[in-house]
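First up is the structure itself, then whatever we jot down about it.
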Amino acid sequence: MKNKAQKYVLSIDQGTTSSRAILFNENGKSVVESQMETSLIYPQSGWVEQNPLEIWETVYEVVKEVVLSPKIDYHDIVALGITNQRETTILWDKTTGEPVYNAIIWQSRQSQYICDDLVENGYDGLIKSKTGLIINPYFSATKIKWIFENVQGVKEKALKGDILFGTVDTYLIWKLTDGKKHVTDFTNASRTMLFNIHTLEWDIELLELFGIPISIMPEVVYSSGYVCEASALQIIEEDLILPITSIVGDQQASLFGQACFGKGDVKNTYGTGCFMLMNTKDKIVDSKNGLLTTIAWGIDGKIEYALEGSVFVAGSAVQWLRDSLKMIKKSSEVEDYSSRVEGSDGVYVVPAFVGLGTPYWDNDARGAVFGLTRGTKKEHFINATVESIAYQTKDVMEVMKKESGIAINCIGVDGGASVNNYLLQFQADILNCKIRRSGCLETTALGAAYMAGLAVGVWEGLDEIRKLNDTDQIFMRRMSLDESNRKYEGWKKAVAATRLFK
């Protein structure tokens, strides 16, 4: 009797510094993967941009490499899921498909003056009540307005219906469908500062406030379910027919990939930035202390919500050590340096390169270093930089516990920096909490794959997915509470001093 053919799900994970394509089997295991770095553009201090065409080209190339892998038969790929860096803003010509400007990355602060004006005019309450977000250049709305104000002719063309807006998922689907589909999902829409998370529609009042015509906005669909065919991939092989069956923002995809399906379940992803999300199910929690209320996902006609804390600089602080300071040659060397000395010897690095996120939301803060002595070694400096990621996570978790009223005893972690045992042990020490490192560090791509597979019956439901969720390692607190508290008090003093220097 012939064996049943293996079913595969392809996941596109388009991040800030790279594009990945990963093929998962029915057991949720990676079978083939490909990755290409993407370059960032820094036109001015605090600005971060990318070339949209490079984003598309890298995605196309990694997908091509995966589907043509000799390890698999591409006819066995039954679905395609897309997950992406959120908030990043792209506007393009509806007719030619050409971008009108660079993609403005989520980290970019060039629309700060627009945010300042909105706050000064008292719009923060209105925007937060509708979107769950605070006024910040992080989100897409002020980036769109900035392009309208600074790129000649774009606003006029938009008003005539000749321009389209999208976050990265929308732009990729436009390209994957040869310009036939202009769509996003609830998770990405909820990060634009233009989407009403109560009515689940683009908010007309907010669109008018920003001077944005609704004609440029994409259709909003559920995170899991049939969207369209990726017809552009037939250039690779004529009979390569892949249905796109999931779209989901990267942090929500990670929450799903970690199987955080229960109320109060928490994950933390250590990527370019660091993002902690708590599933609040059908409850919209209105944060008073700097957390964001966001849509976790939309599946089977239901919307679930999450609380989110955002750290702008995490893994990118290690890249700073490598690329700017030349302290290391490869990011993977960090843990080796950490083993050569004990801790950071009282040094604190506050990596506020693009401001501070939760709970401070201080856009004017800039990076600082404290506690240097003649005895400070490179290894201490490296450890202090790694520890800054854990301290920022502690800032977020303290607020999350307070706002949700839920005790956090365990956090699932993933992302590139989570391979660092020094970081995760220090994280467990500072949080006084169990840290569970996922068996799959690419849980963002896995989450998108799970959602795509659910839509076509690869997996029957959440219980089946939960059983596939495995653990690589558990980290428990070793440090005394007194020492942990003392170190964290030092961090808070360093942040306070950083914010004074402007």
Boolean, S215 is touching a residue at least 40 places away in the same chain (Cβ under 8 Å), open to solvent by less than 10 Å² (accessible area, probe 1.4 Å) and in a helix (DSSP H, G or I): no
Residues of region 402-412 classified as of a type outside the set (G, A, S) and either at pLDDT 90 or above or assigned to a strand (DSSP E or B) (or both), total: 2
Cβ pairs under 6 Å, 6+ apart, first in region 230-257 and among the β-branched types (V, I, T), second open to solvent by 10 Å² or more (accessible area, probe 1.4 Å) and not in a helix (DSSP H, G or I): I244/V227; I244/C228; T245/Y226
G453 assigned to a helix (DSSP H, G or I), in contact (Cβ under 8 Å) with a residue 60 or more places away in the chain, open to solvent by less than 10 Å² (accessible area, probe 1.4 Å) and over 21 Å from E308 (Cβ atoms): yes
Identity of the residue in region 32-49, touching a helix residue (DSSP H, G or I) at 6+ places or on another chain (Cβ under 9 Å) and not charged (D, E, K, R), that ends up surrounded by the fewest Cβ atoms within 10 Å (Cβ to Cβ): S39
Unmet requirement for G125, which otherwise passes all of (1) of a type in the set (G, A, S); (2) free of Cβ contacts under 8 Å to residues at least 12 places away in the same chain; (3) part of a loop (DSSP other than H, G, I, E, B): (3)
Identity of the residue in region 142-174, within 17 Å of the chain's Cα centre (by Cα) and farther than 24 Å from L356 by Cβ, that ends up surrounded by the most Cβ atoms within 10 Å (Cβ to Cβ): V168
Breaking point among (1) touching a residue at least 24 places away in the same chain (Cβ under 8 Å); (2) open to solvent by 70 Å² or more (accessible area, probe 1.4 Å), for P70: (1)
Check on G225, at positive phi, assigned to a strand (DSSP E or B) and not aromatic (F, W, Y): yes
Residue within region 98-109 that is acidic (D, E) and farther than 27 Å from I244 by Cβ present: no
Any hit, region 273-282, residues being farther than 30 Å from G439 by Cα and modelled with pLDDT under 95: no
Scope region 456-496; condition surrounded by 12 or more Cβ atoms within 10 Å (Cβ to Cβ) and polar (S, T, N, Q); matching residues: N469, Q473, S484, N485
Scope region 430-443; condition open to solvent by 20 Å² or more (accessible area, probe 1.4 Å) and not in a loop (DSSP other than H, G, I, E, B); matching residues: K434, R436
Selection status of V227, modelled with pLDDT of 95 or more, in contact with a strand residue (DSSP E or B) (Cβ under 6 Å, 6 or more places away or on another chain), β-branched (V, I, T) and within 30 Å of R466 (Cα to Cα): no
Residue match in region 421-429 (condition: open to solvent by 10 Å² or more (accessible area, probe 1.4 Å) and either outside any helix (DSSP H, G or I) or basic (K, R) (or both)): no
Of all residues making up region 128-141, the number that are in a helix (DSSP H, G or I), surrounded by fewer than 24 Cβ atoms within 10 Å (Cβ to Cβ) and not small (G, A, S): 2
Hits in region 91-119 (condition: of a type in the set (S, T, Y), closer than 20 Å to M217 by Cβ and buried (at least 19 other Cβ atoms within 10 Å of the Cβ)): S111
Number of the condition not met by G179 [criteria: (1) part of a strand (DSSP E or B); (2) open to solvent by 20 Å² or more (accessible area, probe 1.4 Å)]: (1)
First in region 80-99 and free of Cβ contacts under 8 Å to residues at least 12 places away in the same chain, second anywhere and open to solvent by 10 Å² or more (accessible area, probe 1.4 Å), Cβ under 9 Å, 6 or more apart: E98/L53
Selection within region 396-426 - free of Cβ contacts under 8 Å to residues at least 60 places away in the same chain and of a type outside the set (A, V, I, L, M, F, W, C): E398, K401, G405, N409, Q425
Filter result for T199 (in contact with a Cys (Cβ under 7 Å, 6 or more places away or on another chain) and either open to solvent by 10 Å² or more (accessible area, probe 1.4 Å) or over 18 Å from Q252 (Cβ atoms) (or both)): no
Of all residues in region 335-393 being open to solvent by 40 Å² or more (accessible area, probe 1.4 Å) and assigned to a helix (DSSP H, G or I), the one that is farthest from Y488 (Cα to Cα): D336
Failed criterion for T184 (all others in (1) open to solvent by less than 30 Å² (accessible area, probe 1.4 Å); (2) within 25 Å of L307 (Cβ to Cβ); (3) more than 24 Å from the chain's Cα centre (by Cα); (4) of a type outside the set (K, R) hold): (3)
Candidates I247, I284, I299, filtered to the one that is in contact with a Gly (Cβ under 9 Å, 6 or more places away or on another chain), hydrophobic (A, V, I, L, M, F, W, C) and open to solvent by less than 10 Å² (accessible area, probe 1.4 Å): I247
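The values are calculated or read from the model by the stated rules, or taken from the named source; none is laboratory data. No experiment lies behind these values; they were computed from the predicted model shown. Cβ atoms come from the backbone with ideal geometry, glycine included; neighbour counts cover every protein chain shown. Just so you know, the surface numbers come from the protein's heavy atoms only, side chains and all, with ligands and any DNA or RNA stripped out. Shrake-Rupley method; radii C 1.70, N 1.55, O 1.52, S 1.80 Å.
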